[in-house]
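Below is one structure, written out as structure tokens; comments come after it.
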Amino acid sequence: MKLASLMHGRDGRLVVVSRDLTRATDAFPVVPTLQAALDDWDRQAPRLEDLAVSLEHGSVPSFRFHEHDCAAPLPRAFGRLVAAGQAGDLAPARSAGALGPRQPVRALDEAAGLAAEVGLAAIVGDVPAAASPAQAAALVRVVMLGCRVIETKDNERAGGALGREVACSFSPVVVTPDEIGPSWRQGRIDLPLLFRVNQQPPRPGQATGAVAAGDLLARAAERHDLQAGTILAWSVPMPQEQPLRFGDIVRIEMKDAAGHSIFGAIEQEILPAG
């Protein structure tokens, strides 16, 4: 199934989205927010799946789905980890919340070497400490696209590039792993990301199957539990010819084998703060 959080209050308004991303129906009769669903996933997920089937059959009230109306899937994520560098170094996120997928990114200084670090993210259920990679992968509840705009100048770190985070955002829609189909294999997605700046032709990044979510989650939970709603994000190598400038528009998307958008698109303009 596909889910989204529309802008509403502090935690968004959960909706179930059609597979073609054109229609949505309120999830409120089942559960009001994505965090509430994650906290009681075993009971709520089958009810949300029933709602998704009813939406596809046209047997429940629905409305036109607009990606511009979306907040971040979890507007107030309780925990977020970022994996970066060749070794997949894990670090806690340095900003509390995430932007909606169409909200502008506001930066203080375009001369700071602004770059878009794009990739995937998984939202998990409760992951116990010392979980194996297979156990952790089975606790991935939903998957989404992610984007961090970072300052790279004077922020290099040995073994990777964990620059200072300016903003982070996620795709309009999150999907359960079964929705991805055969391209999802044991915590990997064997599909490329499409990335473009302004009106340049989309540039495909490396296939995202190079990183296994289960391996990263097991490392993150090596010594302590991860709470339901924790977000793990990891980047995909992506060519960026020059630093981002104010006025640039960044777009990130992933399409299935038939050319259909899976998660909707992150599309954001880089603007000066203030």
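The values are calculated or read from the model by the stated rules, or taken from the named source; none is laboratory data. All values reported here derive from a predicted model rather than from experimental measurement. For neighbour counting, all protein chains shown are included, and Cβ atoms are generated from backbone atoms with ideal geometry for every residue, glycine included. Only protein heavy atoms, including side chains, enter the accessible area calculation; ligands, DNA and RNA are left aside. Shrake-Rupley method; radii C 1.70, N 1.55, O 1.52, S 1.80 Å.
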Can you find a residue that is more than 22 Å from K255 (Cβ to Cβ) and either modelled with pLDDT of 95 or more or touching a Pro at 6+ places or on another chain (Cβ under 8 Å) (or both) anywhere in region 141-157?
yes
Return the total of residues in region 80-118 being modelled with pLDDT under 75 and either charged (D, E, K, R) or touching a Leu at 6+ places or on another chain (Cβ under 8 Å) (or both).
9
Selected residue [open to solvent by 60 Å² or more (accessible area, probe 1.4 Å) and out of contact with any strand residue (DSSP E or B) (no Cβ under 9 Å at 6 or more places or on another chain)] from R64, R19, R47, R23
R47
When region 39-72 is examined, which residues are found to be more than 12 Å from V15 (Cα to Cα), among the aliphatic types (A, V, I, L, M) and assigned to a helix (DSSP H, G or I)?
A45, V53
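Looking at this structure, is R219 of a type in the set (D, E, K, R) and in a loop (DSSP other than H, G, I, E, B)? It would help to see each step written out before you state the result.
Values: of a type in the set (D, E, K, R): yes; in a loop (DSSP other than H, G, I, E, B): no.
Criteria not met by R219.
Does at least one position in region 18-25 carry a residue that is among the basic types (K, R), more than 15 Å from A72 (Cα to Cα), in contact with a helix residue (DSSP H, G or I) (Cβ under 9 Å, 6 or more places away or on another chain) and assigned to a strand (DSSP E or B)? Show your work before the answer.
Keep residues of region 18-25 that are among the basic types (K, R), which gives 19, 23.
Remaining after also requiring more than 15 Å from A72 (Cα to Cα): 19, 23.
Those still in the list that are in contact with a helix residue (DSSP H, G or I) (Cβ under 9 Å, 6 or more places away or on another chain) too: 19, 23.
Adding the requirement that they be assigned to a strand (DSSP E or B) leaves 23.
Taking every residue of region 18-25 in turn, at least one turns out to be among the basic types (K, R), more than 15 Å from A72 (Cα to Cα), in contact with a helix residue (DSSP H, G or I) (Cβ under 9 Å, 6 or more places away or on another chain) and assigned to a strand (DSSP E or B).
Can you name the residue in region 28-38 that is over 14 Å from V174 (Cα atoms) and outside any helix (DSSP H, G or I) and, of all such residues, is most open to solvent (accessible area, probe 1.4 Å)? Spell out the reasoning first.
Of region 28-38, the ones over 14 Å from V174 (Cα atoms) are 28-32, 36.
With the extra rule that they be outside any helix (DSSP H, G or I), the set shrinks to 28-32.
Values: F28: 147, P29: 103, V30: 30, V31: 6, P32: 61 Å².
If we take residues in region 28-38 being over 14 Å from V174 (Cα atoms) and outside any helix (DSSP H, G or I), then F28 is most open to solvent (accessible area, probe 1.4 Å).
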